[in-house]
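S.K.: Dumping the structure here so I can ask a few things about it.
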Amino acid sequence: MPDPVTYSREGDIAVITVDSPPVNALSLSVRRGLAACFEQFAADAAAKAAVLICAGRTFIAGADITEFDKPIEEPWLPKVVHQIEDLAKPVVAAIHGTALGGGLETAMACHYRVAAPTAQVGLPEVSLGLLPGATGTQRLTRLAGVKAALDAMISGKPMPAKAALEKGVIDAIVEGDLKAGAIRYGSELVAAGKGPRKVRDIVVDPKSVPEGFFAEYRKSIARDTRGFFAPEQIVKCVEAAVSLPYLDAVARENELFMQCMRSTHSKAQRHLFFAERDVAKIADVPKDTPLREIKKVAVIGGGTMGGGIAMNFANAGIPVVLKEINQEALDRGLAIIRGNYEGPVKKGKLPQAAMDKCMSLISGTLDYEDVGDADLVIEAVFETMSIKKAVFTELDQVCKKGAILASNTSTLDIDEIAAFTKRPEDVIGLHFFAPANVMTLLEIVRGAKTAKDVIATSMACAKTIRKTGVLVRVCFGFVGNRMFFPYVREAQRMMLEGVPAERIDKVAFDWGMAMGPNGVSDLSGLDVLSKVNKEWKDKPDDPAYCRMIEVLVGKGRLGQKTGAGIYKYEGRNAVPDPEVAALAKSEAAALDVPQLDVSDEEIIERLFYAMVNEGALILDEGIAQRSSDIDVVYCHGYGMPRYRGGPMMYADTVGLDKVLAAIEKYRARYGDQYWTPAPLIVKLAKAGQSFAQWSAAKG
């Protein structure tokens, strides 16, 4: 196996080349190679300057994340970057592609930096629950300034070469051949007698930072960083860059980096990083499965959901025809789509030309014949099996051979829907989440007879429209909603037990959820949840089950859309309603539900362990391939914070023995109907294992 880092010389310029596909990550072998080659450069009297460059499609794109949970093996990156900076001869980093994380830290340790016009640089460690731990917080602050460095590290967003040049992160943009340009730049440094220029020697003047700046900055990011551990540690590192000598500030950075790396937050965020890549791996669908061509899409139903679905394809440059039952409904649907585009245009987030192009790709029709030539047809009508039967019976007659027929159903049986056609192998579920043009999850539901090329095409299609596709099998509610029902069930039960709806939601929000279960129910529509319950053939035989939903729907309180549901609404602001509390108390008395003193800890346990228990049943039944797939569903589709890693990762973090003990506690109180422990939880808890270990063992 060739060395990942090699040394050569062109005249009096040394060229150190990293070639470690696919992204030149800073693995142990690369770090050792860099250390060895820079030692060789230091000893090479004929070399007056060096260029650090990378082969392949990118500069060093970051650390090798797989090493983070292993013992540190030297040379650790901070040692390598200080070795580079301490050289007595100038080093030029030549950046193309992306210099991210440790890649940018390595480049900033070099004395000069040049980049291709298309290059991007950044420190995205925050997305993994980390901070730049190889002097990045100190160097970027010195090069770009306090505010720009904080913005870059807190957002994690890459910086284009032009912006990096303006902020002083790079020194020049090289047009044409990057290697030749970098060597030329190095030669000019030698000719001008310019030696090393160390970033560490730049002093950040404390007087240049306005009084109260850091307090105000913390306030400005509070909403976006709520609950996350790493952002505050990044701010502390930048404070250190301003107030401490360089080496002391680096020591502070290292201390805070280790705190981040050992935190449950970072472990959860790293778990999701790999989980989002693993969802594409399907045991019985090979990578090389031929794909069906998707050149035209049809959406049946032009409501809010159908319109949002259509936008995804138009955004990807794919023509879409929207089918509705009458002109009034069609005009309304197209107007909603136009309005969805106009909002970002008015805010300057979308060019008018881009909106016009997207709108030109969306057409409307009232005739099923106009969808006959579509390669993919997505049904997005009411969540009622009889209506879906009528739609798929029609599609079976008009759609061309080989067209994929998809349902956007959120709960119903895909196999039953497929049976309405003579081509069940072409039928699949594509469950978009509202709003469909915004939410990143696409739950892809394979039926018993769904063809493998239909599955592969659907997974590829998710990427095309920038969704995270997760493959699941058929059951009522699939993965996401099946686990959501116990979550709502417990919130509803606690309301009957005298726990205020707003308290339940606050505890869930403080735990990290984007919204609490009652707020989400109002947003979804209590009538929608009621209708789903009516379609559920195996609904629990329990008069108290989601009782408040039925009572409120009966009173016309459907949620946000009617200005009243579990809450009253002033605009979109939810206001606790004493009338609902009184109704809950009255219903509890009628149902003989005792009033309880419920702790915050119990609220969390009942909401999330009920969900986890259902997830364990889903895994045992083979509805989801692996526990991490469930985690991706919940972080992308249900507002679960990434720093929890998803419900199954959260359970692993708590410990399945503790989860099991809590489930048994509620079983003793409520009986077997809802709180019988899933056999998989019992098995793993007794063995001292986790869902992650179980999934890994399955392969």
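The values are calculated or read from the model by the stated rules, or taken from the named source; none is laboratory data. All of these numbers come straight from a predicted model, not from anything done at the bench. Please note: Cβ atoms are built from the backbone with ideal geometry, for glycine as well, and neighbour counts cover all protein chains shown.
S.K.: Being in contact (Cβ under 8 Å) with a residue 12 or more places away in the chain and assigned to a helix (DSSP H, G or I) is the filter here; which residues of the range 687-699 pass it?
M.R.: Here is the first cut: in the range 687-699, the ones in contact (Cβ under 8 Å) with a residue 12 or more places away in the chain are 688-692, 694-695, 698-699.
Listed by number, the residues that qualify are Phe691, Ala692, Trp694, Ser695, Lys698.
S.K.: In the list Leu529, Leu523, Leu471, Leu496, which residue meets the criterion of being over 25 Å from Glu276 (Cα atoms) and touching an Asp or Glu at 6+ places or on another chain (Cβ under 8 Å)? Outline the logic, then answer.
M.R.: Working: Leu529 fails: touching an Asp or Glu at 6+ places or on another chain (Cβ under 8 Å); Leu523 fails: touching an Asp or Glu at 6+ places or on another chain (Cβ under 8 Å); Leu471 fails: over 25 Å from Glu276 (Cα atoms).
Going through Leu529, Leu523, Leu471, Leu496 in turn, the sole match is Leu496.
S.K.: If a residue must be of a type in the set (Gly, Ala, Ser) and assigned to a helix (DSSP H, G or I), how many such residues does the range 166-202 contain?
M.R.: Of the residues in that region, 6 qualify.
S.K.: Would you please name the residue that is nearest to Ala436 (Cα to Cα), looking only at residues in the range 338-365 that are more than 26 Å from the chain's Cα centre (by Cα) and not in a helix (DSSP H, G or I)?
M.R.: Ranking the candidates gives Ile362 first.
S.K.: Quick check on the range 308-316. Is at least one of its residues surrounded by 14 or more Cβ atoms within 10 Å (Cβ to Cβ), without any contact (Cβ under 8 Å) to a residue 12 or more places away in the chain and in a loop (DSSP other than H, G, I, E, B)? Steps first, please.
M.R.: Initially, the range 308-316 is screened for residues surrounded by 14 or more Cβ atoms within 10 Å (Cβ to Cβ), giving 308-316.
After this cut, where a residue has to be without any contact (Cβ under 8 Å) to a residue 12 or more places away in the chain as well, the list is none.
Looking for residues that are surrounded by 14 or more Cβ atoms within 10 Å (Cβ to Cβ), without any contact (Cβ under 8 Å) to a residue 12 or more places away in the chain and in a loop (DSSP other than H, G, I, E, B), one finds none in the range 308-316, hence no.
S.K.: For the range 412-445, which positions are surrounded by fewer than 20 Cβ atoms within 10 Å (Cβ to Cβ) and within 26 Å of the chain's Cα centre (by Cα)?
M.R.: Ala434, Pro435, Val438, Met439, Thr440, listed by residue number.
Each row is one residue, and each column tells you yes or no for (1) under 22 Å from Arg31 (Cα atoms); (2) basic (Lys, Arg); (3) surrounded by fewer than 24 Cβ atoms within 10 Å (Cβ to Cβ); (4) in contact with a Cys (Cβ under 6 Å, 6 or more places away or on another chain).
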residue	(1), (2), (3), (4)
Gly101	yes, no, no, no
Leu104	yes, no, no, no
Ala107	yes, no, no, no
Ala119	no, no, no, no
Ser127	no, no, yes, no
Val146	no, no, yes, no
Pro160	no, no, yes, no
Glu175	no, no, yes, no
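S.K.: If you go through the range 239-261 one residue at a time, do you hit one that is touching a residue at least 12 places away in the same chain (Cβ under 8 Å) and in a loop (DSSP other than H, G, I, E, B)?
M.R.: no
S.K.: Continuing with the same structure: Here is a list of conditions, (1) assigned to a helix (DSSP H, G or I); (2) within 24 Å of Ile282 (Cα to Cα), and Leu607 meets all of them except one; can you say which number that is?
M.R.: Result: Leu607 passes all but (2).
S.K.: Hey, any hits in the range 668-685 for a residue that's under 30 Å from Thr225 (Cβ atoms) and of a type in the set (Asp, Glu)?
M.R.: Taking the range 668-685 and keeping what is under 30 Å from Thr225 (Cβ atoms), we get none.
Taking every residue of the range 668-685 in turn, none turns out to be under 30 Å from Thr225 (Cβ atoms) and of a type in the set (Asp, Glu).
S.K.: Another one. How about the range 114-130: which of its residues are among the polar types (S, T, N, Q) and within 30 Å of Ile183 (Cβ to Cβ)? Let's see the steps before the verdict.
M.R.: Of all residues in the range 114-130, those among the polar types (S, T, N, Q) come to 118, 120, 127.
Residues satisfying the conditions are Thr118, Gln120.
S.K.: Within the range 317-328, count every residue that is crowded, with 24+ Cβ neighbours inside 10 Å and either of a type in the set (A, V, I, L, M, F, W, C) or not assigned by TED's automatic domain parsing to the domain that holds Cys399 (or both).
M.R.: 2
S.K.: Looking only at the range 414-432, decide whether some residue is assigned by TED's automatic domain parsing to the domain that holds Lys467 and at pLDDT below 95.
M.R.: Here is the first cut: in the range 414-432, the ones assigned by TED's automatic domain parsing to the domain that holds Lys467 are 414-432.
When the remaining residues are screened for being at pLDDT below 95, the result is none.
The answer is no, given that none of the residues of the range 414-432 is assigned by TED's automatic domain parsing to the domain that holds Lys467 and at pLDDT below 95.
S.K.: Looking at the structure I just gave you, is Lys467 out of contact with any strand residue (DSSP E or B) (no Cβ under 7 Å at 6 or more places or on another chain), surrounded by fewer than 24 Cβ atoms within 10 Å (Cβ to Cβ) and closer than 26 Å to Glu614 by Cα?
M.R.: On the way: out of contact with any strand residue (DSSP E or B) (no Cβ under 7 Å at 6 or more places or on another chain): no; surrounded by fewer than 24 Cβ atoms within 10 Å (Cβ to Cβ): yes; closer than 26 Å to Glu614 by Cα: yes.
The answer is no for Lys467.
S.K.: Let me ask you something else. All but one of (1) under 30 Å from Arg226 (Cα atoms); (2) free of Cβ contacts under 8 Å to residues at least 24 places away in the same chain hold for Met513; which doesn't?
M.R.: The one condition Met513 does not meet is (2).
S.K.: On to the next question. For Arg226, work out the one condition from (1) surrounded by fewer than 15 Cβ atoms within 10 Å (Cβ to Cβ); (2) in a helix (DSSP H, G or I) it doesn't fulfil.
M.R.: (2)
S.K.: Which one is nearest to Ile604 (Cα to Cα) among residues in the range 631-678 that are β-branched (Val, Ile, Thr) and touching a Lys or Arg at 6+ places or on another chain (Cβ under 8 Å)?
M.R.: This residue is Thr653.
S.K.: What pairs can you find where one residue is in the range 535-562 and on the phi > 0 side of the Ramachandran plot, the other is buried (at least 17 other Cβ atoms within 10 Å of the Cβ) and part of a loop (DSSP other than H, G, I, E, B), and their Cβ atoms are less than 6 Å apart, with a gap of 6+ or different chains?
M.R.: From residues that are on the phi > 0 side of the Ramachandran plot, the pairs are Gly559/Gly525; Gly559/Gly565.
S.K.: Right, here's the next one. Which ones in the range 190-205 are within 17 Å of Gly145 (Cα to Cα) and either aromatic (Phe, Trp, Tyr) or surrounded by 10 or more Cβ atoms within 10 Å (Cβ to Cβ) (or both)? Talk me through it step by step, then tell me what you get.
M.R.: Looking only at the range 190-205, we keep the residues that are within 17 Å of Gly145 (Cα to Cα), and these are 198-205.
Result: Lys198, Val199, Arg200, Asp201, Ile202, Val203, Val204.
S.K.: Say whether the condition of being touching a Leu at 6+ places or on another chain (Cβ under 6 Å), on the phi < 0 side of the Ramachandran plot and at pLDDT 95 or above is met by at least one residue in the range 10-20. Give the steps one after another, and end with the answer.
M.R.: Step one: filter the range 10-20 for residues touching a Leu at 6+ places or on another chain (Cβ under 6 Å), giving 16.
If we keep only those that are on the phi < 0 side of the Ramachandran plot as well, we get 16.
Next, only the ones that are at pLDDT 95 or above stay: 16.
Checked against the condition, which is being touching a Leu at 6+ places or on another chain (Cβ under 6 Å), on the phi < 0 side of the Ramachandran plot and at pLDDT 95 or above, the range 10-20 yields at least one hit.
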